[in-house]
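Shown next, in structure tokens, is the structure this report addresses.
The values are calculated or read from the model by the stated rules, or taken from the named source; none is laboratory data. Values in this document were obtained by computation on a predicted structure and should not be read as measured data. Glycine also receives a Cβ, built like all others from the backbone with ideal geometry; neighbour counts cover every protein chain displayed.
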């Protein structure tokens with residue numbers, strides 16, 4: 001099976017203690033290890049204002065993780081576990097490898113088109129007009 005890459009972002013309630021956030025991160029890492037995936041990177045972005053109210057909150061603690069897996073059911077299991085966490089008010093997973101493939105395909109097309117185009121060479125300097133040549137002699 002081919003590897004898939006996902007971004008997982010979840011937002012915790014603003015008053016959530018650091019220990020609770022670490023507990024949620026531990027659940028995510030344990031689930032990944034259980035299902036054969038791996039957490040590549042974890043970033044805690046801190047408390048930020050929300051674009052709109054979520055569960056009566058105007059701000060939340062943002063956490064971002066990059067996950068690599070060969071099994072799609074890992075993401076379903078992570079979403080299920082985040083759904084039952086009291087501290088988590090919102091989460092979202094996005095599959096990245098499809099976008100990466102699309103970007104690579106587009107860059108290959110651009111390179112092929114650029115290779116087919118004739119290269120532009122610098123224009124030769126304009127020749128001096130006959131009047132100017134006679135005036136200088």
Check your understanding: Applying the selection to the stretch 52-81, what residues are free of Cβ contacts under 8 Å to residues at least 12 places away in the same chain and within 16 Å of residue 27 (Cβ to Cβ)?
Key -> 76, 80
Point to revise | Top-ranked residue of the stretch 78-105 - restricted to ones that are part of a helix (DSSP H, G or I) and modelled with pLDDT of 85 or more, ranked as surrounded by the most Cβ atoms within 10 Å (Cβ to Cβ) | key: 78
Review point. Filter the stretch 3-31 for residues that are without any contact (Cβ under 8 Å) to a residue 24 or more places away in the chain and either in a helix (DSSP H, G or I) or within 19 Å of the chain's Cα centre (by Cα) (or both); which is surrounded by the fewest Cβ atoms within 10 Å (Cβ to Cβ)?
Key: 19
Check your understanding: Tally time: how many residues in the stretch 82-117 are touching a residue at least 12 places away in the same chain (Cβ under 8 Å) and either more than 14 Å from residue 12 (Cα to Cα) or under 17 Å from the mean Cα position of the chain (by Cα) (or both)?
Key -> 8
Review point. Of the residues that make up the stretch 52-63, is at least one under 16 Å from residue 93 (Cβ atoms) and out of contact with any helix residue (DSSP H, G or I) (no Cβ under 6 Å at 6 or more places or on another chain)?
Key: yes
